[in-house]
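The next block holds one structure in the form of structure tokens; read it before the comments.
The values are calculated or read from the model by the stated rules, or taken from the named source; none is laboratory data. In this text, all values refer to a predicted model and were calculated from it rather than measured experimentally. So basically every Cβ, Gly included, is an ideal-geometry build from the backbone, and we count neighbours across all protein chains shown.
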Amino acid sequence: MSYQLGYSDVLKALFSPSDPVGFLIIIGVFAGIPLLNIYLLKRAGKLRRSWRVLLVIAGILIAVILVPNWNMAGAGWQLTDGEFKLRAWPVAATLDVSAVRVALVENSGPWRPTVRTNGYGTPGLTTGWCRLANGKKAVVFRHLRSEKMVVIETGGRYYIISHPGVEKLYDALIAQGAAQWAIDTGERKGDV
């Protein structure tokens, strides 16, 4: 059982979930810079001779989008006979399933990532080290937005996995011998 991202998944995560302000900034930068250059070259009367410059600028802008995302292809996890492998750049970890505790929690609770301290982040993909709302530090792999997250604890280290269908990972970890962990979510029943 595995959940690993292809290069196209990483590129889709740039724009999903949609962030109108971020989208306008990206369009403004990647359309605005070439259009500004065309305007300035036309005004200077050098547009005919400078088309190569425009191609180089367009190539650089495209490379800025495509190249940094290349190393994220293959990010995700793989669960095999008693072993859980996680690749959440810059972290790669292999965990013994029988030595971990797992919990399935809400995405909006105190175990949600709030600040990425080292790693990769776009609107739809977060990997690496993050500070959580409860103050703890954890390795996070979050692809798209899911209502649930799996929290894994082993040896005082925390791992947060979140993606559509993450409940299947939780069930598979329990089936392979991981201990269920009834963590305090910070929510009190009966409070108004």
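Taking residue 112, is it basic (Lys, Arg), in contact with a Cys (Cβ under 7 Å, 6 or more places away or on another chain) and under 19 Å from residue 16 (Cβ atoms)? Before the answer, list the steps.
On the way: basic (Lys, Arg): yes; in contact with a Cys (Cβ under 7 Å, 6 or more places away or on another chain): no; under 19 Å from residue 16 (Cβ atoms): yes.
Criteria not met by residue 112.
Here's the yes/no breakdown for (1) in contact with a Cys (Cβ under 9 Å, 6 or more places away or on another chain); (2) within 23 Å of residue 26 (Cα to Cα):
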position	(1), (2)
68	no, yes
98	no, no
101	no, no
118	yes, yes
128	no, no
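From the set of residues in the stretch 47-79 that are of a type outside the set (A, V, I, L, M, F, W, C) and exposed (fewer than 12 other Cβ atoms within 10 Å of the Cβ), which is modelled with the highest pLDDT? Steps first, answer last, please.
First pass over the stretch 47-79, keeping only residues of a type outside the set (A, V, I, L, M, F, W, C): 48-50, 52, 59, 68-69, 71, 74, 76, 78.
Next cut, exposed (fewer than 12 other Cβ atoms within 10 Å of the Cβ) only: 48-49, 52, 59.
Numbers: 48: 65, 49: 64, 52: 73, 59: 82.
Filtering the stretch 47-79 for residues that are of a type outside the set (A, V, I, L, M, F, W, C) and exposed (fewer than 12 other Cβ atoms within 10 Å of the Cβ), the one modelled with the highest pLDDT comes out as 59.
Do any residues in the stretch 160-183 that are surrounded by fewer than 16 Cβ atoms within 10 Å (Cβ to Cβ) have Cβ atoms under 7 Å from those of residues that are of a type in the set (S, T, N, Q), where the two are at least six apart or on different chains, and which pairs are they?
Listed by first residue and then by second, the contacts come to 164/146; 174/180; 177/98.
Here are the criteria: (1) surrounded by fewer than 18 Cβ atoms within 10 Å (Cβ to Cβ); (2) out of contact with any Phe, Trp or Tyr (no Cβ under 6 Å at 6 or more places or on another chain). Tell me which single one residue 84 does not satisfy.
Here residue 84 meets the rest and fails (1).
Given the conditions (1) closer than 30 Å to residue 175 by Cβ; (2) not in a helix (DSSP H, G or I), which single one is not true for residue 98?
(2)
Do we have residue 94 as at pLDDT 95 or above and in contact with a Phe, Trp or Tyr (Cβ under 9 Å, 6 or more places away or on another chain) here? Quick ask: steps written out before the conclusion?
Working: at pLDDT 95 or above: yes; in contact with a Phe, Trp or Tyr (Cβ under 9 Å, 6 or more places away or on another chain): yes.
Judged against the criteria, residue 94 is a match.
Condition check: β-branched (Val, Ile, Thr), at pLDDT below 95 and not in a strand (DSSP E or B). Does residue 185 satisfy that? Quick ask: steps written out before the conclusion?
Values: β-branched (Val, Ile, Thr): yes; at pLDDT below 95: yes; not in a strand (DSSP E or B): yes.
Yes: the conditions hold for residue 185.
Looking at 52, 157, 145, which one is in the same structural domain as residue 14 (by TED's automatic domain parsing) and not hydrophobic (A, V, I, L, M, F, W, C)?
Values: 157 fails: in the same structural domain as residue 14 (by TED's automatic domain parsing); 145 fails: in the same structural domain as residue 14 (by TED's automatic domain parsing).
Result of the check over 52, 157, 145: 52.
If I ask for residues that are assigned to a strand (DSSP E or B), surrounded by 17 or more Cβ atoms within 10 Å (Cβ to Cβ) and within 16 Å of the chain's Cα centre (by Cα), which ones from the stretch 103-121 would you list? Please lay out each step first, then the result.
Of the stretch 103-121, the ones assigned to a strand (DSSP E or B) are 103-106, 113-121.
Restricting the remaining residues to those that are surrounded by 17 or more Cβ atoms within 10 Å (Cβ to Cβ) gives 103-105, 113, 119-120.
The answer is 113, 119, 120.
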